Amino acid sequence: PPPRRRTPPFLPFPSSLPDDDMAAEFEQVGLAFVTYFYQTFDSNREALASLYRDNSLLTYEGKQFSGAQSIVQQLTSLPFQKIQHQIVTCDCQPLLAAQPNGIFVSVSGNILVDDSPHPMKFAESFSLFQDPANPSNYWVHNDVFRLNYG
């Protein structure tokens, strides 16, 4: 059998909370995801495989990739050795109509690659879905990345 994916320890997203508590909860989960994602991306891009599934989709600078293997292959083949993400904004919303307890996350920030002193601006959006086998974990259904020029 294929190896089980090790999933990161994201926070639960209870659906029975009052509106104010629910807003705080999906914000907390989204921020925990963003922290984990970019720390992992900056240190070991191959480890991001645990966040994607066979039906995950990535659009990276207009090119589409489908499935965890294809997505991780794209991310690990990017032409730089060192990278550091600096998050400037992170906004989160629930995706209750599309996926119970799903979360939409929008991130903007700066990227420093290799030894360049000039950061590049980026924007990235994620649709996170709750893992039905382990409701305290989330996985990336959609990921859209763009560098912002100009």
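Just so it is clear, none of the values below were taken in a lab; they were calculated from the coordinates. Values in this document were obtained by computation on a predicted structure and should not be read as measured data.
The stretch between residue 146 and residue 131 holds 2.7 nm of extra length on full extension. This uses 0.36 nm per residue minus the Cα-Cα distance. 3J(HN,Hα) couplings calculated from phi for the stretch 109-121 with the Karplus curve 6.51 cos²θ - 1.76 cosθ + 1.60 (θ = phi - 60°) are, in sequence order, x, 10, 10, 10, 10, 6, 10, 6, x, 9, x, 9, 8 Hz; Gly and Pro show x. If each Cα of the stretch 14-150 is one equal point scatterer, what is log10 of I(q)/I(0) from the Debye formula at q = 0.15, 0.18, 0.20 Å⁻¹? Debye intensities relative to I(0), on a log10 scale: -0.74, -1.04, -1.26. A straight chain from residue 70 to residue 113 at 0.36 nm per residue would run longer than the Cα-Cα distance by 13.2 nm. Taking each residue as 0.36 nm, the span from residue 81 to residue 93 lengthens on full extension beyond its C-alpha to C-alpha distance by 1.0 nm.
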